[in-house]
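The values are calculated or read from the model by the stated rules, or taken from the named source; none is laboratory data. These numbers were taken from a predicted model, which means no experiment stands behind them. Using ideal geometry, Cβ is built from the backbone for each residue, glycine included, and neighbour counts are taken over all protein chains shown.
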Amino acid sequence: MGGVTSSMAAKLAFFPPQPPTYELEEEAESGLVTMTRFPHRENVEIMRLTTRRNHQIVAVYVRHPMAVSTVLYSHGNAADLGQLYDLFLQLSFHLRVNLLGYDYSGYGQSAGKPSENNTYADIEAAYKCLIEKFGAKEEEIILYGQSVGSGPTVDLASRLPNLRAVVLHSPILSGLRVMYPVKRTYWFDIYKNIDKIPHVNCPVLIIHGTADDVVDCSHGKQLWELCREKYEPLWIKGGKHCDLELYPEYIKHLKKFVTTVEKPRSERPIWRIADRVEPSRRSTDCMEPPRRSTDRKLKLRNKEPPKTEHRYSSVDGFDKIKFSLDHFEKSRRSVDCLERPRKNMDQIERGRKSVDRLDRIWAG
């Protein structure tokens with residue numbers, strides 16, 4: 001049953017760009033691996049990693065000479081490394097960090113098929129590479145998860161007690177909650193961030209656009225409420241699901257966050273530390289009976305929940321929501337950018353233009 005459910009969820013949640021936006025080339029003599037369309041850089045290394053599920057996935061490592069932190073970046077649904085390469089270079093440069101990004105199984109030139117369990121194995125392989133190949137330490141690593149990438153990011157962060165920090169960019173409460181405002185966690189749901197986020201012990205920054213029509217901003221706000229060690233969130237007014245990097249406050253807030261978490265704990269501002277909650281069950285254990293979700297506990301604690309302007313806000317009560325045909329049509333789209341990427345190269349060109357615009361914004 002669990003395998004069937006995972007297969008169905010994968011069809012709904014994952015839409016890798018087809019065809020992939022890059023290819024790999026390897027020099028016979030030196031073994032140097034490069035990505036087509038991008039010239040080789042001395043501070044960039046392209047590599048293949050083997051996961052515990054025996055899939056070969058592709059990763060990009062960008063080195064910064066003054067870095068004291070390393071970012072492990074888990075991208076969104078309808079993207080691959082070819083679209084994110086320039087963004088990785090910009091983030092490494094402006095944040096002064098080393099950065100490793102990777103393609104999930106079935107994305108880009110990574111082998112295998114996309115699934116929840118495969119993404120967990122993928123991020124573990126990337127993390128292991130940082131530790132064993134590049135000498136990073138757990139307490140120096142910042143996990144960054146965008147949209148669907150918040151799933152493997154929160155899962156790994158909940159199992160690593162000494163991480164430097166976590167960034168969640170347009171995150172989801174869970175896969176099912178993107179489509180329907182359910183009040184409890186069901187065994188067939190995927191990426192149950194709502195149940196795992198209270199077990200993340202490091203500072204968490206959440207970034208979300210207030211005009212996100214794919215993953216409502218209320219997802220980010222509720223996850224922030226459930227964080228144990230909260231950092232000042234960034235709610236980008238008018239920001240949508242795939243354009244937050246184009247807002248000047250995005251990079252400014254990220255810089256401030258990275259600078260803060262790199263300081264000794266004694267020099268950091270005092271953040272609110274939430275009470276511990278009962279241990280969360282594993283997302284992959286589909287045979288356990290469903291239990292009440294953590295969002296129910298939050299509602300019981302706060303007798304007078306604050307009012308919000310967001311459509312699906314759990315603190316307003318899901319029972320008051322009226323569904324329209326448009327909403328159900330939206331729910332059929334994927335967990336991330338949802339619409340299957342076009343097979344022509346228009347999307348790639350738009351991505352490159354966005355990065356060029358991002359350069360101009362950050363340089364100003």
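Within the stretch 165-217, restricting attention to residues that are among the basic types (K, R) and surrounded by fewer than 22 Cβ atoms within 10 Å (Cβ to Cβ), the residue that is modelled with the highest pLDDT is R184. Against the list (1) touching a His at 6+ places or on another chain (Cβ under 9 Å); (2) touching a residue at least 40 places away in the same chain (Cβ under 8 Å); (3) of a type outside the set (K, R), the condition V167 fails is (1).
On inspection, Y127 qualifies as aromatic (F, W, Y) and surrounded by 19 or more Cβ atoms within 10 Å (Cβ to Cβ). When restricted to residues that are closer than 18 Å to G106 by Cα and either surrounded by fewer than 16 Cβ atoms within 10 Å (Cβ to Cβ) or of a type in the set (K, R) (or both), the stretch 34-64 contains 7. Looking at the stretch 34-120, the strands (runs of 3 or more DSSP E) lying wholly inside it that each contain 2 or more residues that are at pLDDT 95 or above and polar (S, T, N, Q) sit at 70-74.
Whenever a residue of the stretch 258-269 is without any contact (Cβ under 8 Å) to a residue 60 or more places away in the chain, its partners that are exposed (fewer than 12 other Cβ atoms within 10 Å of the Cβ) and outside any helix (DSSP H, G or I), lying with C-beta atoms within less than 8 angstrom and at least six residues away or across chains, give the pairs T260/P269. When L205, L156, L160 are screened for being without any contact (Cβ under 8 Å) to a residue 40 or more places away in the chain and farther than 23 Å from D80 by Cα, only L160 passes.
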